1. Compare the peptides 274-283, 354-363 by average per-residue count of other Cβ atoms within 10 angstrom and give them in order, highest first.
2. How far apart, in nm, are the 7 Å Cα→Cβ label points at residue 342 and residue 80?
3. Hey, how many Å between the Cα centroid of the stretch 87-112 and the Cα centroid of the stretch 157-196?
4. Roughly what % antiparallel, to the nearest 5, for the DSSP beta bridges in the chain?
5. Report relative contact order for the stretch 148-198 in percent, whole number only (criteria: Cα-Cα under 8 Å, sequence separation at least 6).
6. Any chance you could look up the accessible area of residue 150 with a 1.4 Å probe, heavy atoms only, rounded to 10 Å²?
7. Under DSSP H, which helices of the chain have Cα atoms covering 27 Å or more of the helix axis and a Kyte-Doolittle average no less than 0.0?
8. As a test of reading the structure, rank 104, 172 by solvent-accessible area (1.4 Å probe, protein chains only), most first.
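The values are calculated or read from the model by the stated rules, or taken from the named source; none is laboratory data. The model shown is predicted, which means the values in this text are computed figures rather than measured ones. Here the Cβ positions follow ideal geometry from the backbone for every residue, glycine too, while neighbour counts run over all protein chains shown. All accessible areas refer to the heavy atoms of the entire protein, side chains included, with ligands and DNA or RNA removed. Shrake-Rupley method; radii C 1.70, N 1.55, O 1.52, S 1.80 Å.
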Amino acid sequence: MTGPPMPAARRKPVFVGHDIYRRSAYGGNHPLAIPRVETAVDLCRDLGWIAPEAWIESPVADAATLGRFHDPAYVEALRRADEGGKVTLETRARFNLGTLENPVFPGVFRRASTSVGGSIAAAEQALAGRIAYHPAGGTHHGRPDRASGFCYFNDPVFAILTALDAGVTRLVHADLDAHHGDGVQDAFAGDPRVYTISIHERDRWPHTGALDDTGGGRSCNLPVAPGFADADLALLLNRVVLPLVRRAAPETLVVTCGADGLVGDPLSRMALSNRALWAAVAALTAEAPGSVVLGGGGYNPWTVARCWAGLWGVLSGFAMPEVLPPAVVQRLERLECDLVDEDERDPRWLTTLADVPQEGAARPETAALARQALDVPRRGRWSATARQAAA
């Protein structure tokens with residue numbers, strides 16, 4: 001079966017969202033117990049960036065849909081845990097629920113199901129030739145039979161399945177999150193229609209995604225050193241990632257952009273500016289007729305909200321304000337986060353969206369990683385073609 005035809009012209013981007021993300025979640029003392037998606041949405045609305053016709057209300061995936069990838073016993077266990085507000089020791093051990101990592105909180109089942117529904121809706125829009133932005137998505141660690149890494153269901157998997165169901169035969173999942181996209185890579189290992197690329201910090205949880213892990217010849221993993229900055233990202237994009245994407249010639253592209261690789265994030269030691277992430281996502285989405293852009297990780301509410309709001313602005317073609325209006329500043333001033341000490345908070349996080357441009361060249365170790373990545377055995381013709389394109 002062949003995929004959908006390429007549209008004659010790119011349609012305007014759409015923003016997939018839901019008010020469920022305004023509800024308190026994850027409980028206290030959890031890295032995700034911060035306002036992320038809702039703040040990004042509010043910033044965009046404060047700036048007049050979300051027209052009514054650009055907004056798509058996220059549907060909620062039902063149990064039958066969730067069962068396309070997740071074990072029905074696990075789906076039912078999460079539903080019951082949400083309903084009862086607690087889990088048994090057996091449920092905790094079997095499904096990794098009710099732990100410090102994956103707590104049970106009121107509304108967890110509907111919240112996770114809404115994230116899946118949003119990614120399905122985003123994929124449907126991408127199939128129609130749009131860029132569909134769904135910052136509440138990106139739960140790329142979710143496993144078929146258990147929660148993992150703050151992720152209960154794996155919404156990127158459902159975005160990909162939606163595209164494959166429509167007949168797409170060439171799809172790329174590009175993951176820029178600071179943590180390896182293990183759940184997505186494993187979900188499609190060996191599927192000739194899907195190619196996964198992940199740039200992530202090395203020696204960081206989940207401790208997968210080594211350079212020589214090619215996912216059976218369908219994956220490219222780029223584990224980067226701490227301090228990975230803008231010039232490093234540009235080098236890997238130009239020498240490795242974009243040549244591989246062009247070789248794949250995707251009919252649909254799914255990007256998990258993350259925001260945990262930014263300077264100031266408490267759960268990584270990467271050092272990117274939001275400008276670099278915006279440029280990377282823009283370059284990637286230019287390589288496919290339709291794209292899904294998902295959120296992912298990010299544990300500093302100021303850097304996450306500014307990054308995700310600004311990304312929507314970039315994708316939609318809005319001019320970036322040099323100084324934020326007072327209402328936006330006040331909104332950012334009200335944010336709190338126990339993981340980011342006051343003396344670590346950059347004053348510019350309150351007054352601007354775009355980070356200060358970084359100077360400097362890519363580090364030699366990043367150039368070495370690029371060379372090694374293209375020479376990894378078993379990547380076969382993907383590496384050979386990418387090497388020629390990068391020359």
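1. 274-283, 354-363
2. 4.8
3. If we compute the Cα centre of each part, the gap is 26 Å.
4. Antiparallel bridges make up about 5 percent of those DSSP assigns within the chain.
5. 43
6. Counting only protein heavy atoms, residue 150 exposes about 40 Å² to solvent.
7. 108-127
8. Greatest to least solvent exposure: 104, 172.
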